[in-house]
Amino acid sequence: MLTSLSLVFLLGMLLSWAFQKIRLPGLLGMLLTGMILGPYALNMLDGSILGISADLRQIALIIILTRAGLSLDIQDLKKVGRPAVLMCFVPACFEIIGMILLAPRLLGISILDAAIMGAVVGAVSPAVIVPKMLNLMEKGYGVKKSIPQLILAGASVDDVFVIVMFTAFTGLAQGGTFSPASILSIPVSIGTGIVAGGLAGVLLALFFRKVHIRDSAKVVILLSISFLMIELENRLKGYVPFSGLLAVMSIGIALQKKRYEAAARLSVKYSKLWVAAEVLLFVLVGATVDISYAMKAGAAAVILIFGVLIFRMAGVFFCLLGTDINRKERLFCMIAYMPKATVQAAIGGVPLAMGLGCGKIVLTVAVLAILITAPLGAFGVEQTYKRLLKAD
């Protein structure tokens, strides 16, 4: 395990640096590291690392979402209003509809299989988007119109909506019936996640006010409570809809609201943690990518991914109608909402594990979606933000 970890960090950081030198996103180098070291290429990662890969990826996601919460001013989000709510589900709906319309024609699959594929591919990747938006907020690009904040919030809730839809569609494919309760669980899980996280954040703020401890110790406490929120989601599954990741982000928002100075210092600590967590996350995502699946997919699957991206962009455009966000800024939002990685890596193989007939093609398209959209979206953001957004 120690050898595997050293290879992950050293090669991941080296390739990330090399890609940045040629003006490409560093995460592309990290994904490539995972593909090279993973079980489908050189197979140099120990089984113990691969066995806990999903947990390690989730820890990295917790770190970046907590950092987002600590940096996100809820007043900025209130100024955006309606578009922030629409961004949580409308682009994903457009993409699922696009998949239902295009996939049966291009890949010869059924409408239900296309819906499952749309739910897998429809989720945006907070792991790619959140650090990019935090960087823009630090540099002051688009902050006056709350553009990075809008994208941050949408990307965090988008996953909840898509995973609920995925569960509903796979349930239908296994012979179940579509339940309106499954749709109702979306706002309930969002609400319970925000309330639980907000309450935990307020209690932490009170505790930090009364008890003076080092910031490093505060980070350990905050991480531990975040882990418990994820476990709470697992324990409540089947009883009460609950979003652990939204709760994690809400802790950071509440803490920032009640203890701004402490939140600012903790955000700096979390940005240092992200240096290692980012490498771990994207290398392990890369290790899940089976290149042979991607090679077999052919041109039809690639055309499909670009086709549904157009639908997604149309969804983002629809969300921003009637706002003071101009054409250039809307174009930036469309580009920033493209990347896919973490959710596709997490659930792309689930239909295959369930024994569904569409399992193999869903996994193939999920893999291709990561390979195409993660670098494309990250590169697009890096290359366009100075041209499309105003520096405040």
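Coordinate-derived values only; no laboratory data. Just so you know, these numbers come straight off a predicted model, no measurement behind them. Here the Cβ is made from the backbone with ideal geometry for all residues, glycine too, and neighbour counts use every protein chain on show.
Rank-order 103-112, 364-373 by packing density, defined as the average count of other C-beta atoms within 10 Å over each peptide's residues, highest first. Each step should come with its number before you reach the end.
Numbers: 103-112: 16.5, 364-373: 25.0.
Ranking the peptides 103-112, 364-373 by packing returns 364-373, 103-112.
How high is the relative contact order of the chain, in percent, counting Cα pairs under 8 Å that sit 6 or more residues apart? Walk me through the numbers on the way to the answer.
Working: 625 pairs, mean separation 111.4, N = 392.
Relative contact order here is 28 percent.
Contour minus end-to-end for A54 and K79, with contour as 0.36 nm per residue of separation and end-to-end as the Cα-Cα distance? Before the final figure, lay out the partial values.
Details: separation 25, 0.36 × 25 = 9.00 nm, distance 3.61 nm.
5.4 nm is the gain from fully extending A54 to K79.
I'd like to know which of F379, S71, G286 lies farthest towards the positive end of the charge dipole of the chain, counting +1 on Cβ of Lys and Arg and -1 on Cβ of Asp and Glu.
S71
Taking only the alpha-carbon positions of segment 306-347 and ignoring solvent, what does the Debye formula give for the base-10 log of I(q)/I(0) at q = 0.16 Å⁻¹?
Debye curve over Cα of segment 306-347, log10 I(q)/I(0) at q = 0.16 Å⁻¹: -0.46.
If packing is taken as the average count of other Cβ atoms within 10 Å, what order do 350-356, 42-48 fall into, highest mean first? Intermediate values should be presented prior to the final figure.
On the way: 350-356: 15.6, 42-48: 13.6.
Put in order of decreasing packing, that is 350-356, 42-48.
What full-extension length gain, to one decimal in nm, is calculated for M1 and R265 as 0.36 nm per residue of separation minus the Cα-Cα distance?
Extending this stretch completely gives an extra 91.8 nm.
Given 10 °C and 1.306 mPa s, how large is the Stokes-Einstein diffusion coefficient of the chain in µm²/s, with Rh as the Kirkwood radius over Cα pairs? Please list the in-between numbers first.
Details: Rh = 21.2 Å.
Translational D for this selection: 75 µm²/s.
Relative contact order for segment 237-392: what is it in percent, counting Cα pairs under 8 Å that are at least 6 residues apart? Numbers along the way, then the final one.
On the way: 105 pairs, mean separation 35.7, N = 156.
The normalised contact order for segment 237-392 reaches 23 percent.
Taking the Cα centroid of segment 319-369 and of segment 118-141, what is the distance between the two, rounded to the nearest whole Å?
Measuring centre to centre over Cα atoms gives 12 Å.
Of all alpha-carbon pairs in segment 283-377, indicate the percentage at a distance above 17 angstrom. Walk me through the numbers before you get to the answer.
On the way: 2453 of 4465 pairs.
In whole percent, the share of Cα-Cα pairs in segment 283-377 beyond 17 Å is 55.
What residue among F306, F169, F94 shows peak mean-square fluctuation when the chain is described by a Gaussian network model with Cα springs under 10 Å?
Most flexible of the set in this elastic network: F306.
Run the reach check for K390 against lysines, Cα to Cα strictly under 23 Å, same-chain hits fewer than 8 apart removed. What comes back?
Output for K390: K78, K79, K132, K139, K144, K145, K328.
Suppose only helical runs count, i.e. DSSP H with n ≥ 4. What mean residue ellipticity at 222 nm does that imply for the chain under -39500 (n - 2.57) per run, divided by all residues and rounded to the nearest 500 deg cm²/dmol?
Numbers: 19 runs with 313 residues, N = 392.
For the chain, the value works out to -26500 deg cm²/dmol.
To the nearest Å, what is the center-to-center distance of segment 95-109 and segment 228-257, using C-alpha atoms only?
Value for the Cα centre distance between the two parts: 34 Å.
At 20 °C and 1.002 mPa s, what whole-number value in µm²/s does Stokes-Einstein give for the translational diffusion of segment 227-334, with Rh from the Kirkwood sum over Cα pairs? Can you show the working numbers first?
On the way: Rh = 18.6 Å.
Value of D from the Cα-based Kirkwood radius: 115 µm²/s.
For the chain, give the magnitude of the charge dipole about the Cα centre (Cβ charges: +1 Lys/Arg, -1 Asp/Glu; no others), in debye to the nearest 20. Could the numbers behind the result be given before it?
Numbers: 34 positive and 19 negative charges, 232 e Å.
I would put it at about 1120 debye.
Quick one: length gained pulling K237 to K139 fully straight, 0.36 nm per residue minus the C-alpha distance? Present the calculation step by step, with values, prior to reporting the outcome.
On the way: separation 98, 0.36 × 98 = 35.28 nm, distance 3.99 nm.
Separation in residues times 0.36 nm, less the Cα-Cα distance, equals 31.3 nm.
Sorting check: for 289-300, 28-39, which peptide has the highest mean count of neighbouring beta carbons within 10 Å, and how do the rest follow?
Numbers: 289-300: 15.1, 28-39: 22.8.
Descending mean neighbour count gives 28-39, 289-300.
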